[in-house]
Structures are given as structure tokens and as C-alpha cells.
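Worksheet: the structure to be examined is printed underneath.
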Amino acid sequence: MASSYRYRSLDDSDAGKTSEESGGAHAEPAVGDETELDPFTVRLSLAWYDYLKIGFNALWLFPLRLLLIILPSVLIALVSGTIISACDKFNADNPKPLKGWSKFIIQNVWTTTARMYLFGFGFQWIHTTGKLADTADAPVLVVAPHSCFLDMWIAAQYHVPAFVAKSESKNVPLFGWMLERLCRLILVSREDSGSRARATEEIQRRAHSGGDWPRVLVFAEGTTTNRKVLLNFKRGGFLPKLPVQGVVIKLNNKLNTMIWGANGVGLLKGLFFTLCQFHNSLEVEFLPVHHPSQEVSILHKRLVYCTRG
């Protein structure tokens, strides 16, 4: 699988190196030799003291964290269900943006809930660098690297955008239908070329809506990685030819239990290990707005540099 993507290493020792591949990449390649880094495989090595720490925290910290996650789940389910029943105009084939009081409530409840979730997962404090630009100045957010099941909540604590997500996301228990209806997900199926074309058209329609729609958030790599490399970007977020803002997510734990990937710990075990860590380190950096007159490779290089930093 690694050979089907072009990427730039996030390891300082491999700076400037790029894999050579045939499909799915649209940013300019880096200059330098090829590297054989695997972008997808995750190997989590736990020492005996890691198991001891997780076992001890499972007795008292895990139940507490679970409670801190359940409470905002109930809150957002009640608020979202009320708004859906009261004013929902959702049509999957022709979605309309929420407006007025429903938009105000959803934005504030979801951003608050997202922060509560992250606190429940052990992110007691989050270091933020830079500033989220106004929607009018950057209608599209490009987030990278994408490796964590919490990436969506990390972005939503600042602003609730319209996420571009795989079509299976609407089937996630509890949150799937809420995300589709209230966040107006832009769903795309990787196996259906027609779905990709429709998603591209929807991205452009919303980005050019003049503020009627929330800004569009794109995980520009198009898949999750192990954070050792940054895949070259898909074109979807750049096709509207509007300013975009890059967002860098840095997970700084030495024992990083949150990353998805081949041969990883799996979702449920990863959730359990994450909840059993006393503190999880997170840094979010907002880059300067990237204008369409600039090459996509410039933004890609900025993200690589900031991720390594």
C-alpha cells in the first residue's frame, strides 16, 4: 500500500525525501532521494511498566474518563435531537445549511461538547499556535496529518465545519446521523468515482456560498497515516480556487495509542489505552492563509515543517 502514495517524510533525518508513486497525489513532489518509509503501519510497543500503568489507571481513571465522555454524549444527543425534530430540513440529495437560532445553538453546543470530549480523553490543556481565520478569509480548512480517531473533535472545538468524510461515517452509532444532518457532512465513497465527482462539486458549491454554509474541512491526505510521513494532497480542497488555511495537528505522546493504521492496536483497544493515560499531549497550529495564486506544494512544505517542529 505504501507504494501507491507519494509522501514527504516527517522525520528530520529524512527531510526533503519523497516516495515515487503513480496515483492519488497532486501536490508537487519534494526534491531529493526516495525513501522507503511505510506511511500506514503502526507498531505500538508496550514495556512492562506501560502495562502496569495502564492496569492501575484502568481501576480508577478509566471509569472516570468514561463518565466524562458519556455526559457530553447525552447533552449533544438531546440538543441535536430537539433541533432535528423542530427545524430539520435535511435532504441527503439536496442538503440546505442550518440558519438562525438552530445554527447558533449547534455551533456553540458542538464546540463546547468537542472540548469536553477532548478533556475526557485526557487532553486537559491544548497548546494552540496561530489563529483560526474568519470563514470569509479562508472558506476551506486543510488539516494534516490525519491519523487519529479524534481529529474531527480536535477541529470542532474551534469551529464546526462541514467535514468531508467517507460514506461509512453516517453509520457510526449515535453520532453518524447527527453529523450527517447537523454538520451536513460531504460524504464520499472511495470505490465510487461518481461519488467522488459529486463530493468535489459539493465542496465547490459550499465554498462559494458566500458564508451561507460553514467552512469546508478537508483531511487533504485522503486517508489516515502513522504520522511518520505526510502524503501529498488530494485536489478537492483546492479546486474552488479560494483561500485555504492549513491546520497542523501534533500528537506528542511518547506512547501514542490514538493512531489508526495497519497492524495497530485497533479502535477499541486504542480507545481503552488512551483513556487510561493520565495526560495526552496535543498541539494545534493554524498556519497563515494560503492563497490560490500560490503552489499547493508551498502549503504542503509548510505543513511538513510545522509537523516536524
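The values are calculated or read from the model by the stated rules, or taken from the named source; none is laboratory data. Please read all numbers here as calculations on a predicted model, not as lab measurements. Note that we place each Cβ from the backbone using ideal geometry, even for glycine, and neighbour counts take in every protein chain shown. What goes into the accessible areas is simple: the full protein's heavy atoms, side chains included, and nothing from ligands, DNA or RNA. Shrake-Rupley method; radii C 1.70, N 1.55, O 1.52, S 1.80 Å.
Some notes on this structure:
- Calculated FRET value between Phe56 and Phe149, using beta carbons and R₀ = 25 Å, to 0.05: 0.55
- For segment 71-78, putting each phi into the Karplus relation 6.51 cos²θ - 1.76 cosθ + 1.60 with θ = phi - 60° gives couplings of 4, x, 5, 5, 4, 6, 5, 5 Hz, in residue order, rounded to whole numbers and with x for Gly and Pro.
- Amide hydrogen neighbours beyond the local backbone of Val229, cut-off 5 Å, H modeled: Leu10
- Only Lys, Arg (+1) and Asp, Glu (-1) charged, at Cβ; segment 96-216 dipole about Cα centre in debye: 240 debye
- Phi-based couplings in Hz for segment 64-70 (Karplus 6.51, -1.76, 1.60; Gly and Pro marked x): 5, 5, 4, 5, 5, 8, 5
- With both labels modelled 7 Å from their Cα along Cα-to-Cβ, the Ile105 to Val289 distance reads 3.2 nm.
- Under a 5 Å amide H cut-off, with hydrogens placed 1.01 Å from N, Thr41 pairs with Ala262 among residues at least 5 apart or on other chains.
- Global form of segment 149-192, assessed from the alpha-carbon gyration tensor, a/c cut-off 1.5: prolate
- Checked against a 30 Å cut-off, the cross-linked pairs Lys96/Lys241; Lys103/Lys228; Lys96/Lys250; Lys170/Lys250 give Cα-Cα distances beyond that limit for Lys103/Lys228; Lys96/Lys250.
- With a simple spin-label model that places each label point 7 Å from the Cα along the Cα-to-Cβ direction, the separation between Arg198 and Leu239 comes to 1.4 nm.
- Legend: residues Ser45, Ser195, Ser281, sorted from most to least accessible area (1.4 Å probe; ligands, DNA and RNA excluded), read Ser45, Ser281, Ser195.
- Each label point was placed 7 Å from the Cα along the Cα-to-Cβ direction; for His127 and Ser73 their separation is 3.2 nm.
- Computed extension length for Ala86-Asp137: 15.1 nm, one decimal, from 0.36 nm per residue of separation with the Cα-Cα distance subtracted.
- Rounded to the nearest whole Hz, the Karplus-based 3J(HN,Hα) values (6.51 cos²θ - 1.76 cosθ + 1.60, θ = phi - 60°) of segment 107-116 follow the sequence 4, 6, 5, 5, 5, 5, 5, 4, 5, 5, with x at glycine and proline.
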